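In what follows, a structure is listed as structure tokens, so that the remarks can point back to it.
The values are calculated or read from the model by the stated rules, or taken from the named source; none is laboratory data. On a predicted model such as this, the values are computed, not experimentally measured, just so you know. We place every Cβ from the backbone using ideal geometry, glycine too, and count neighbours over all the protein chains shown. Note: accessible area is taken over every heavy atom of the protein model, side chains too, but ligands, DNA and RNA are not part of it. Shrake-Rupley method; radii C 1.70, N 1.55, O 1.52, S 1.80 Å.
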Amino acid sequence: MQKLTRTLVLPVISSLCLITYSAKAEPQAALNEQALQAEAKARIAQFGSTLKGTLKQAIQSGGLVKGIEVCRDEAPRIAETYSTDGWKVGRTSHKVRNPDNQPDSWELEQINRFQKAMSGGQAAASLMVTQLQNDRFRLAKPIVTEGLCLACHGSQIADDVQAVLGEHYPQDLATGFSAGELRGIFSVEKSLP
């Protein structure tokens, strides 16, 4: 029996990617990838919303120093809350605060893609990369530096905040950002059966 193959051209960020697949497997594979993508995006939205709300509340009640504690202590716990059922939710950057949070090679590749696309004028909200390979699905979405981020990640950081950052993160690289700049990525993955 002859195997039918098709080639699709799909835009990926600002380049084109050729994908060859079996026509027989197309509907199921596409449905599975769509479901994985929807679940990953939902987990990112929940994680981001919970973290941002927790951070805002901490800063309102205890100032920026309390916000640093939330990022250091609560952010990993919040990520764990959404890292269930084989999913792993996290965030990383090209300029990390915590040296234990270095991006892997795939994450770094996506950070570089997003930086290039955003510097070329593409809106961060339109950017996302997925990979479905063997027994693992991955998704990366940009994290954009917002006004709230600048107090601890910008170019002008208050002395008391800088002192606390230096105490907790002596190798801190996560400063010097501007509003609207790529701060890092949400990185989600799932091991598949």
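See the values below:
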read-out: Heavy-atom accessible area ranking, 1.4 Å probe, most first, across S105, S178; value: S105, S178
read-out: Förster radius 45 Å - calculated FRET efficiency between H168 and Q133, Cβ distance, rounded to 0.05; value: 0.80
read-out: Heavy atoms of R136 accessible to a 1.4 Å probe, total area in Å² rounded to 10; value: 90 Å²
read-out: Listed residues H153, H94 arranged by accessible area, highest first, probe 1.4 Å; value: H94, H153
read-out: Solvent-accessible area of D159 with every protein chain in place, 1.4 Å probe, in Å² to the nearest 10; value: 130 Å²
read-out: In Å², nearest 10: area of L64 left accessible to a 1.4 Å probe; value: 50 Å²
read-out: Cα gyration tensor shape for region 82-151, rounded if a/c is under 1.5, else prolate or oblate; value: oblate
read-out: Region 94-193: C-alpha gyration tensor shape, a/c 1.5 cut-off, then a/b vs b/c; value: oblate
read-out: Accessible area in the full protein assembly, largest first, 1.4 Å probe, for T54, T92; value: T54, T92
read-out: Shape of region 57-110, Cα gyration tensor, a/c cut at 1.5; value: oblate
read-out: Normalised contact order of region 35-177, rounded percent, pairs of Cα under 8 Å and 6 or more residues apart; value: 22 percent
